[in-house]
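Below is one structure, written out as structure tokens, with a few remarks after it.
The values are calculated or read from the model by the stated rules, or taken from the named source; none is laboratory data. Since we're looking at a predicted model, the values are computed, not measured. Cβ placement follows ideal geometry from the backbone for every residue including glycine, while neighbour counts extend to all protein chains displayed. Each accessible area value is taken on the protein alone, full model and side chains, heavy atoms only, with ligands, DNA and RNA left out. Shrake-Rupley method; radii C 1.70, N 1.55, O 1.52, S 1.80 Å.
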Amino acid sequence: QKEVEQDPGPLSVPEGAIVSLNCTYSNSAFQYFMWYRQYSRKGPELLMYTYSSGNKEDGRFTAQVDKSSKYISLFIRDSQPSDSATYLCAMSGGGGSNYKLTFGKGTLLTVNP
Amino acid sequence: DAGITQSPRYKITETGRQVTLMCHQTWSHSYMFWYRQDLGHGLRLIYYSAAADITDKGEVPDGYVVSRSKTENFPLTLESATRSQTSVYFCASTGFGNQPQHFGDGTRLSIL
């Protein structure tokens, strides 16, 4: 079993839809959870950063972490064509390796006008 | 401008040649990282550095060499390039161990 599993998609939705992106993980030591957005031919850009379980909201984006289920989610409300990108989940934590990120393989999202 | 910059953005070379990818950050971050991104594999860590003159291997270090003589620079060298090293290479940095990493825009490297 891979440490982080993420459905690669592709996911195609109409403009204005609510998008749900998810990752599951196996390492219970993970404590820090991130979502990155990556546009074509660009580097990953940090979107959301959360510590431990709970929700965090930033504008149209909401990140949820459920450590008991080892499951994290990113919700995008009122999706826009500019949200079309690959979304990567990442996590870290545990012992002396807090700085090492473990990434999912990314989900390709297309929002159609 | 502040940030993290990679050069060159695109590079084509031949097998057996040495090639160096440059990474420069202006935040004075302690930690710097090199990843490669390939279809089907996602981002994989090649090498990282916790401070100047401190480097360590990541998940896929074979065929790569790094150095870090100055905090702001972290070059990655392919000593004898192979076709399997054709990839997109990303540099990242962070100030503290548990903080998110910030990425450059990558170098697309093709080895013929």
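Which residue pairs have Cβ atoms under 8 Å apart, sit 6 or more places apart or on different chains, and have a first residue in segment B:21-45 that is on the phi > 0 side of the Ramachandran plot and a second that is surrounded by 15 or more Cβ atoms within 10 Å (Cβ to Cβ) and not in a strand (DSSP E or B)?
Qualifying pairs under 8 Å: B:S28/B:T71; B:S28/B:E72; B:G40/A:K105; B:G42/A:G104; B:G42/A:K105; B:G42/A:G106.
From (1) open to solvent by 50 Å² or more (accessible area, probe 1.4 Å); (2) within 14 Å of another protein chain (Cβ to nearest Cβ), pick out the condition that doesn't hold for A:D66.
(2)
Given the criterion in contact (Cβ under 8 Å) with a residue 60 or more places away in the chain, open to solvent by less than 30 Å² (accessible area, probe 1.4 Å) and over 23 Å from B:L43 (Cβ atoms), identify the matching residue among A:S79, A:S92.
A:S79
With the checklist (1) open to solvent by 10 Å² or more (accessible area, probe 1.4 Å); (2) under 22 Å from B:H102 (Cβ atoms); (3) in contact (Cβ under 8 Å) with a residue 40 or more places away in the chain in hand, flag the one item A:M34 doesn't pass.
(1)
Among the residues of segment B:61-82, are any open to solvent by 60 Å² or more (accessible area, probe 1.4 Å), at positive phi and more than 12 Å from chain A (Cβ to nearest Cβ)?
no
Any residue at all in segment B:34-53 that's farther than 20 Å from A:G43 by Cβ and either at the interface with chain A (Cβ under 9 Å from one of its Cβ atoms) or not aliphatic (A, V, I, L, M) (or both)?
yes
Would you confirm, using the coordinates I've provided, whether B:S87 is within 14 Å of B:V19 (Cα to Cα), open to solvent by 40 Å² or more (accessible area, probe 1.4 Å) and either of a type in the set (S, T, Y) or touching a helix residue (DSSP H, G or I) at 6+ places or on another chain (Cβ under 8 Å) (or both)?
no
Looking only at segment B:93-112, count every residue that is over 15 Å from B:V60 (Cβ atoms) and assigned to a strand (DSSP E or B) and tell me the total.
The total comes to 8.
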